[in-house]
Protein chains: 2
Amino acid sequence: MSPHPKLADTFQILETHGDHPIECPVRDVLARIGDKWSVLLIAALAGEPRRFGALDRAIPDISKRMLTQTLRGLERDGLVERNVFPTKPPSVEYRLSPLGQRLLDPLCVLIEWADEHHASIAMARERFDKPPRP
Amino acid sequence: MSPHPKLADTFQILETHGDHPIECPVRDVLARIGDKWSVLLIAALAGEPRRFGALDRAIPDISKRMLTQTLRGLERDGLVERNVFPTKPPSVEYRLSPLGQRLLDPLCVLIEWADEHHASIAMARERFDKPPRP
DNA sequence: CGGTATCCCGAGGGATACTG
DNA sequence: CAGTATCCCTCGGGATACCG
């Protein structure tokens, strides 16, 4: 009996199927949200659309380079929509697409798990890093 | 009104708090599961404990080096337990800790999202990559 | 069987300066 | 304001060989 039958099944999806080892669509979706900034940006856009500068200020430790690049990636994947208003100076608004919004719940579950258990993890690390026995 | 108040709140957790920009515990938990192999290994251990060699065979495209390294990382974080049986030749069993098992549900939700929507994402990418207008 | 030890490469990503 | 363009460097991770 599996302690978690659903994910044990789901693992079949993650395993390399057939002979092509890299052709797993779930893996590259995970790769996207696994990069350094994507989840942070999605979270920053969860509440409302925001402009480039507003995102830059909301996440102070991102560079403009990575901000642009990550937003482009999310836009390419259809998770974020980009709207340009031809004002002077130009203003560009980013908002979650419907697809992006459907990602919020899974992310929320994950982030809550992380928030609840990061203390346990920190303790586990300390234990592990202790000099075993002098 | 926020379309997703809970995560909009949760985003406060992700924002750099105080003056120390990197000191966000949730971020490094995400960094762990964001690496190339951790989720795959957790999924592989969801059903039952497995030995080193079994994991190697279950995930054919991982190297022994990364298998060891990722397992160590998961063990360090207290997500995986490692048991050595002093047989000859030695056998080592890896199993999810209780903490690791509590991560299964969040992961499952995420993986199911990815499985359901990867087709939409693939289509969005094709559209985005089309030469805009000749 | 279950790992270490090395070597090495490319991509991810930071810093800075420039532009429409 | 909202980006590009460069330069540069770390480091995740693959390949290979060896070990108790």
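What the table shows:
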quantity: Charged-residue dipole, Cβ positions (Lys, Arg, Asp, Glu), segment A:63-134 about Cα centre, Debye nearest 20; calculated: 420
quantity: Inter-copy separations for residue B:84, label at 7 Å along Cα-Cβ, nm, ascending; calculated: 6.1
quantity: From phi via Karplus (6.51, -1.76, 1.60), per-residue ³J(HN,Hα) for segment A:113-123 in Hz, x at Gly/Pro; calculated: 4, 4, 5, 5, 10, 5, 5, 4, 5, 4, 5
quantity: Surface/4 estimate of mean projected area, convex hull on alpha-carbon atoms of segment A:28-107, nm²; calculated: 5.2
quantity: Accessible area buried at the A-B interface, both sides summed, 1.4 Å probe (Å², nearest 100); calculated: 5900
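The values are calculated or read from the model by the stated rules, or taken from the named source; none is laboratory data. Just so you know, these numbers come straight off a predicted model, no measurement behind them. All Cβ positions, glycine included, derive from the backbone under ideal geometry; neighbour counts span all protein chains shown. Only protein heavy atoms, including side chains, enter the accessible area calculation; ligands, DNA and RNA are left aside. Shrake-Rupley method; radii C 1.70, N 1.55, O 1.52, S 1.80 Å.
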